[in-house]
Amino acid sequence: MAITEDRTAPSETSVPFAMRSPLHVPRERYYDREFFELEKEKLWPKVWQMACRLEEIPEPGDFVEYEICDQSILVVRQPDRTIKAFHNACRHRATQLRKGSGRVDSQIVCPFHGWRWNLDGTNSFVYGEEAFAPECLQPDDLRLQECQVDTWGACVWINMDPDARPLRDALSPGAALLDAVGVENMRVWWWKETILEANWKMAQEAFLEGFHTMRTHPQLTMGEGEAWDAGQISYSVFENGHSRFQANERRSGMTADQFIESNRLLVEGQDAMTLEQDLRVFHALRDKVPPDADFASAAIGALYEHAAEAGIPLAPLNEGMSLWGGEVFLFPNFFMLPQFGNSLSYRIRPYNDDPECCRFEVWSLTTYPESQPLERARLKGRFARDDADNWGMIPLQDFSNIERQQRGLHSRSFQGLRLATEWERAISNMHEELDRYLAR
């Protein structure tokens, strides 16, 4: 469901540097402190956001701290395997109860005075109870304050607004596109992060369009250079700030060598979307497909045969697989780029209370055999954006532009972004949805 052009952003004067046209974005939206504070007040406490992956909290008592700006949320797996999310502040004197990730046996204990809570947030012990007036110890007031929590796409999503609409309503229609390619069955292959000196929106806008490929990722054009047709990608923008891009045509017509080389570039360039085990399947097929047959179709068929033999639950082939090699963006800051039984995924957040700094996380996901026990997902590390030992060529290329963009915003000659009508429409669509939150 694509949005219509009359669904423009609100024009209330309460939104500074508001969007007035889908073709232009005021530069101040990426560095102005007032605008950043308005996001902290009206966006992040009101929007559904991906807090962690389910495999980060596989067992009862497992917890993850999710941080967004100045807010800290504890996501806790319950004894009945449901999930709760709590504001991470002791009800006594506000001490953060836990940091990072880990496991608690049965009690969440404040490190300051030793007050305790059950995993469901009910208070179980007040040290020095006799020193407090009864009005300070009301059970409903002592329990940890909860956020809304739900799951989709093998992820836990939280919303600090008790009156927020249901998660699936907020993620529509983008979530349904990803359901078709089996993201629910995908788990972490690797997970890394970097810190970029750029606004969170600037960082993620690099991935809302694909026509930067020609210059930023020249190897992916397979030698075509400026002859590479950026129009081969189709773009759709949706309600709720979501968007999608995908190839206009599938890989039909590619020779065996072309198909294998394009996938080798993904394996060596980012170890995501296509993985080494997929490439082995394709190599084994190289000399077995007749010259007049479509190699890409045969390769995908072989991949599904391999998955069936290995017990890997790939999603059944369907029209949704046209998304392979493309991308779905879920407002405000979550991306999935699925291919075969894998996906690349991004989450970008403000960092260190700085409008011009962000925390950029990258996941490579895959579908494992159902019989394979999975370890708890853990962040491999935080690596510098130019660390060639830990980032492949493709993310290194992407990261190289983002901080230069942020610095360029401060040029006295520059007033705002000018956007392509279709190819960069997802950027303005995201900003228009942001303004709807900020105007509320």
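Too long at a 19 Å Cα-Cα cut-off: which of Lys40/Lys84; Lys42/Lys84; Lys46/Lys84; Lys40/Lys201? Show your work: numbers first, answer last.
Numbers: Lys40/Lys84 23 Å; Lys42/Lys84 23 Å; Lys46/Lys84 17 Å; Lys40/Lys201 14 Å.
Beyond 19 Å between Cα atoms: Lys40/Lys84; Lys42/Lys84.
Specify the inter-centroid distance of the range 143-183 and the range 255-287, based on alpha-carbon positions, in whole Å. Each part's Cα centre sits 34 Å from the other's.
Is the shape of the chain rounded, prolate or oblate, going by the alpha carbon gyration tensor and its root eigenvalues a ≥ b ≥ c, with a/c under 1.5 for rounded and a/b larger than b/c for prolate?
Values: a/c = 2.12, a/b = 1.37, b/c = 1.54.
Since a/c reaches 1.5 but b/c is at least a/b, the shape of the chain is classed as oblate.
As a calculated quantity, the FRET efficiency between His113 and Glu375 at R0 = 45 Å, using C-beta atoms, amounts to about 0.80.
Most mobile of Ser322, Ser364, Ser411 per a Gaussian network model of the chain (Cα springs, under 10 Å)? Taking springs between Cα atoms under 10 Å, the residue moving most is Ser411.
The simple spin-label model puts a point 7 Å past each Cα toward its Cβ; for Ser400 and Ala230 those points are separated by 1.8 nm.
In the chain, Cα pairs under 8 Å separated by at least six residues give a relative contact order of 24 percent. Structural descriptor for the range 243-352: relative contact order 31 percent, calculated from alpha carbon pairs under 8 angstrom and at least 6 residues apart. Modelled label positions at Arg168 and Ile195, each set 7 Å beyond Cα in the direction of Cβ, lie 4.0 nm from each other.
Taking a ≥ b ≥ c as the square roots of the Cα gyration tensor eigenvalues, with a/c under 1.5 meaning rounded and otherwise prolate when a/b beats b/c, else oblate, which class fits the range 234-295?
Values: a/c = 3.53, a/b = 1.71, b/c = 2.07.
In terms of gyration-tensor shape, oblate.
The distance from the alpha carbon centre of the range 94-111 to that of the range 351-367 is 24 Å, rounded to a whole number.
Counting only C-alpha contacts under 8 Å and six or more residues apart, can you give the relative contact order of the range 49-163 as a whole percent?
RCO, the range 49-163: 26 percent.
Every read-out reported here was derived from the displayed coordinates using simple, explicitly stated rules and does not represent laboratory data. Since this is a predicted model, take the numbers as computed values, not measurements. Cβ coordinates were reconstructed from backbone atoms using ideal geometry, including for glycine residues, and neighbour counts include every protein chain displayed.
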